[in-house]
Amino acid sequence: MDNCNLTAETCSIIHCDLDAFYASVEQRENPSLQGKPVVVGGDPRSRGVVATCSYEARRYGVKSAMPLAQAQRLCPHAVFLPVARQRYQEASRQVFAIMADYTPMMEILSIDEAFLDVASSLSLFGTPEGIGRTIKKRVEKELNLKISVGISYNKFLAKLASQLDKPDGFRVIKADEALALLRPLPVQHLWGVGEKTGRELDRLGLYHIGDIQDLPEGWLADKIGSAGKLFWELARGIDPRPVTPGRQRKSLGREVTFAADTADINYLKDLLNRFAAELCGKLRQNGLDTSTVTVKIKYNNFAAISRSRTISPGNSDMLIGETATDILQDAYHGYPPLRLIGLSLGRLTPAPALEQGSLFANDSAGPDDNEIDRVMDGIRQRFGSEVIGRANTLTWKKHRPPNL
Ligand code: TTP
Ligand code: CA
């Protein structure tokens, strides 16, 4: 196979990912938190979920997207902190500025993660390994944060390399060691395999990446469609995706100023559901998930508030709509009337595309939310956005503001 004959010189892709990012920024700002279990996400008595936690808290089983109350049960002595998004955004900007010193070929994946392709920087800066080590040292020295670095000849393996030795990891996966390294790993390490697809692969008797390596070409694609081809290639260390410079969109939003102020809570909820459906459609089109839902309201006296909630990453109309209406319910009690309402979805990350809906035609315990969303996306694409909607978005038209 071609990729396996490549030499180490072609290992020019670097993946950098900060360790326990939000929690590490908090520990840096308040040194008395260092070495302690820190959970970022909010008050454990609230209904929110964990955004992230320090590695000290992970030892107790706490993890991202877990309800805060559960995190507190697992680790009662943890320090719980609210999400200070601006602080993390500033740190993120500084980290990316360090990386950008070594190549313009930088693809930002999320707030704390990026790929670099340093193939054209080697005459200036030496080897990819040297560049990776320098970035790691500078992030630690200049910003007092730990970052894990992985290097390989393609994106999949570079990212895997940075994950394998976390935290404070540094690993190079060379072309001639990739197959053996992949062989014993659980299939969940393949890009695009999450819980659901992992279970399906298990059902086919495919537990480890080696099981997929040993399949004849085409076998898995016959069973599960085009994703099978992708998994088979990844299992063999093949991933042709190039590093595409650019920054991923950070948020997506929609707001409206009413023709006449309103305090009609049912109408406001319908509107949020409607916005959720519209924005989630865009997320799905772009293969993105959101994990921060923000509702903004402006009162008729022009005072404005916005309230955010962290959720486990997703893009389903139902999930986002329910979160948004929940936030509204907590934040607005019907007075004074509103002149504006808005919904924005932040922290956009690549959705594990192959998790959306069932890959497996005969696995039908009834349609789930994702499947319903996909069917509605298809209908809207053919017949226009107005022809179909969930029942929870139907009254909005009664009060349609002129600018909608
Ligand atoms: P991750 O890189 O997934 O996690 P992490 O940096 O906290 O930990 P590590 O990489 O060492 O495993 O996410 C980066 C930040 O994004 C994280 O610090 C908090 C935020 N985040 C959420 O808000 N919600 C989520 O569900 C996840 C996974 C992350
Ligand atoms: Ca990280």
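Where a number appears in this text, it was derived from the coordinates with a stated rule and is not lab data. Keep in mind that what you see is a predicted model, and the values were worked out from it rather than measured. Cβ sites come from the backbone with ideal geometry, for glycine too, and all protein chains shown count toward neighbours.
For the range 330-336, take each phi angle, set θ = phi - 60°, evaluate the Karplus expression 6.51 cos²θ - 1.76 cosθ + 1.60, and give the result in whole Hz per residue in order, putting x for glycine and proline.
Each residue of the range 330-336 in turn: 5, 8, 10, 10, x, 8, x Hz.
Once a ≥ b ≥ c are taken as the square roots of the eigenvalues of the Cα gyration tensor of the range 183-235, is the result rounded (a/c under 1.5), prolate (a/b larger than b/c) or oblate (a/b not larger than b/c)? Can you show the working numbers first?
Values: a/c = 1.40, a/b = 1.16, b/c = 1.21.
Note, shape of the range 183-235 comes out rounded.
List, in order, the whole-Hz ³J(HN,Hα) value for each residue of the range 20-35 obtained from phi through the Karplus relation with A = 6.51, B = -1.76, C = 1.60 and θ = phi - 60°; use x for Gly and Pro.
Calculated HN-Hα couplings, in order: 6, 3, 4, 5, 5, 5, 5, 5, 5, 5, 10, x, 5, 8, 5, x Hz.
Give the residue list of chymotrypsin sites (Phe, Trp or Tyr not before Pro) in the range 266-325 that are DSSP loop and have at most 16 other beta-carbon atoms within 10 angstrom.
On the way: sites: Tyr267, Phe275, Tyr299, Phe302; in loops: Phe302.
Here the chymotrypsin sites (Phe, Trp or Tyr not before Pro) that fit, given the DSSP loop and packing criteria, are Phe302.
Between Gly169, Ile209, Ala158, whose Cα lies farthest towards the positive end of the dipole of the range 142-228 when Lys and Arg beta carbons carry +1 and Asp and Glu beta carbons carry -1, centred on the Cα centre?
Positive-end residue among those listed: Gly169.
Rounded to the nearest 20 debye, what is the charge dipole size of the range 190-294 about its Cα centre when +1 sits on each Lys and Arg Cβ and -1 on each Asp and Glu Cβ? Walk me through the numbers on the way to the answer.
Values: 15 positive and 15 negative charges, 59 e Å.
Once rounded to the nearest 20, the dipole reads 280 debye.
What distance in nm separates the two pseudo spin-label positions at Asn30 and Ser251, each 7 Å out from Cα along the beta-carbon direction?
Once both label points are built, they end up 2.4 nm from each other.
With respect to the cross-link table entries Lys250/Lys282; Lys63/Lys159; Lys36/Lys137, which display a Cα-Cα separation exceeding 18 Å? Don't skip to the end; give the middle numbers.
Details: Lys250/Lys282 13 Å; Lys63/Lys159 20 Å; Lys36/Lys137 23 Å.
Table pairs above 18 Å Cα-Cα are Lys63/Lys159; Lys36/Lys137.
Once you order the gyration tensor axes a ≥ b ≥ c over the Cα atoms, which shape class does the range 1-177 get: rounded for a/c under 1.5, otherwise prolate or oblate by comparing a/b with b/c?
Values: a/c = 2.67, a/b = 1.94, b/c = 1.38.
In terms of gyration-tensor shape, prolate.
Quick one: work out the % antiparallel among DSSP beta bridges in the range 1-177, nearest 5. Intermediate results must be reported in sequence, preceding the final value.
Details: 18 of 24 bridges.
Within the range 1-177, antiparallel bridges account for around 75 percent of the total.
Given charges of +1 on the Cβ of Lys and Arg and -1 on the Cβ of Asp and Glu, with all other atoms neutral, how large is the dipole of the range 183-235 about its Cα centre, in debye to the nearest 20?
Working: 6 positive and 8 negative charges, 26 e Å.
My answer is approximately 120 debye.
Nearest 20 debye, what's the magnitude of the dipole of the range 1-137 about its Cα centre given +1 on Lys and Arg Cβ and -1 on Asp and Glu Cβ? The partial results should precede the final answer.
Numbers: 14 positive and 15 negative charges, 176 e Å.
The calculation lands at about 840 debye.
What are the residues whose amide H is under 5 Å from the amide H of Gly48, where those residues sit 5 or more places off or on another chain and H is modelled from the backbone?
Sorted by chain and number, the residues that satisfy this are Leu68.
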